[in-house]
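The values are calculated or read from the model by the stated rules, or taken from the named source; none is laboratory data. Since this is a predicted model, take the numbers as computed values, not measurements. Ideal geometry is used to build each Cβ from the backbone, glycine not excepted, and the neighbour counts take in all protein chains shown. With ligands, DNA and RNA removed, areas are computed over all heavy atoms of the protein, side chains included. Shrake-Rupley method; radii C 1.70, N 1.55, O 1.52, S 1.80 Å.
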Amino acid sequence: MPPESVSSPSLYFQADALKAQRLRHARLFATGLLLVMALIYLTCLRYEHAAPALGYVAAFAEAAMIGGLADWFAVTALFRYPLGVPIPHTAIIPKNKNRIADNLGSFIETHFLQPEQLLTRIDAFNPARRLAIWLARPGAKRELTDQAAHFFTFVLGTLDDPRLAAIARDLVLKSIARADFGGSAAMLIQLLRQDNRHQQILDGVLRELLAQLESPKTQAYLAGLIAKEFDVLRWVALDEAGGRYLARKLVSAALLEIDHALVQPDHPLRATFDRQLAELADNLQNDAAMRQKLENWRDALLASPALHEKLDGLWGTLLASLQQDLTGENSQIRSRVGAAIKQLGLRLHEDRAFGEWLNQQLRDFASRSLVRYRSEIGRFIADQLKAWDDKVLVERLELNVGIDLQFIRVNGTLVGGLIGLLIYSARHGLGF
């Protein structure tokens, strides 16, 4: 995680604290200026008879107090009742919060969330080129691979939940319950028979059988079985010799027949195997009794507690194996992600058409998404403002715009005083 993302909350609160301090200073300055004007006005009234020129100062201070008080009332009326008195058309923002929120959401939707403006910014940004430059940086591949591994680790940690394991188990069980084992097995047999792959399977079985029959251990085992079946030979001590002799004869005959089956495509054994597979496929599809047996077996499997336990454990085993791979030195997931990132960087650098295609895809996605969701974005902004507590909303707005409003009070005080002085001077100049 970048360092700035860790420190950003503290920076945010520090900025708010600084704004609050500046707002207090601005409010004290505006109020202090108003009190100074009042003090000047009272002083001028006290000594005006001794110095007629003080009338001009008194006129300035009097008008300044009027302008300052009027602007104080206007600024205060935006956020709350002046002096706590519920005067009509005051506390404008909290009383009209919903209407302001709707208007703000509509304004942003209409004037800021236009596809043309967004597409112009995307074209100027050129995401494909920026991505290619970033991927060309030393260490970019490793950094992006590490971020992907962190993301996968987070996802795996999220998935390691008994509730998700139960959902995965139920999905598997439902899939098994809907599965047509007979039809699937019949389709598999038909696919094998189409290209004579079943004969290749038979070849493998026959070669394995041939190897087993040629084994001295197998021949000795067969001789022992045959000797046990001929008890009469035991009286003349020929049981073992007879068993070995008969075993050799049987093995020789079997080996010869297997050799013939391996080299003769039209051997009866192959035809029998093909016919039996065809009959099995037909029975799997059309024999009601066989299909019922398969369904009974499936139902028994679904009801088996052992299967449920196995599936529950399989979910945890899968997550654990993926987690182990991510943390291992020779992680296959990291390797594949790194290879994909490297290939993407090379493709962006070498294939200009691919970069243009990527930019176009981003443009299309952004345009479609903005058209589809801009009304939801506007409503989201409006709903967020409506959900704010009135006091919190006032505090946030006053914190961000209150300083400028306090300077409006200062300007109102000074401009009011100048206008008062101008009127006073004009009146005396005209002799009124």
### Task
Taking Ser335 as the residue in question, decide whether it is out of contact with any Leu (no Cβ under 6 Å at 6 or more places or on another chain), closer than 30 Å to Leu188 by Cβ and without any contact (Cβ under 8 Å) to a residue 24 or more places away in the chain.
no
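Confirm whether Arg298 is in a helix (DSSP H, G or I) and open to solvent by 50 Å² or more (accessible area, probe 1.4 Å). Please lay out each step first, then the result.
Numbers: in a helix (DSSP H, G or I): yes; open to solvent by 50 Å² or more (accessible area, probe 1.4 Å): no.
For Arg298, the condition - in a helix (DSSP H, G or I) and open to solvent by 50 Å² or more (accessible area, probe 1.4 Å) - is not met.
Check segment 365-388 and report whether any residue there is within 15 Å of Pro127 (Cβ to Cβ), open to solvent by 60 Å² or more (accessible area, probe 1.4 Å) and either in contact (Cβ under 8 Å) with a residue 12 or more places away in the chain or in a helix (DSSP H, G or I) (or both).
Of all residues in segment 365-388, those within 15 Å of Pro127 (Cβ to Cβ) come to 365-367, 369.
Next, from what is left, pick out any that are open to solvent by 60 Å² or more (accessible area, probe 1.4 Å): 365.
Going one step further and asking which of them are either in contact (Cβ under 8 Å) with a residue 12 or more places away in the chain or in a helix (DSSP H, G or I) (or both), we end up with 365.
Among the residues of segment 365-388, at least one is within 15 Å of Pro127 (Cβ to Cβ), open to solvent by 60 Å² or more (accessible area, probe 1.4 Å) and either in contact (Cβ under 8 Å) with a residue 12 or more places away in the chain or in a helix (DSSP H, G or I) (or both), which makes the answer yes.
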### Query
Residue check: is Leu322 surrounded by 12 or more Cβ atoms within 10 Å (Cβ to Cβ), within 29 Å of Ile133 (Cα to Cα) and modelled with pLDDT under 90?
no
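Going through segment 40-78 one residue at a time, which ones are touching an Asp or Glu at 6+ places or on another chain (Cβ under 8 Å) and either closer than 10 Å to Gly420 by Cβ or among the acidic types (Asp, Glu) (or both)?
Here is the first cut: in segment 40-78, the ones touching an Asp or Glu at 6+ places or on another chain (Cβ under 8 Å) are 41, 54-55, 58.
Across segment 40-78, the qualifying residue is only Ala58.
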### Message
Can you find a residue that is at pLDDT 85 or above and among the acidic types (Asp, Glu) anywhere in segment 140-148?
### Response
yes
### Checklist (1) without any contact (Cβ under 8 Å) to a residue 40 or more places away in the chain; (2) within 30 Å of Leu159 (Cβ to Cβ) applied to Ile341, failing item
(1)
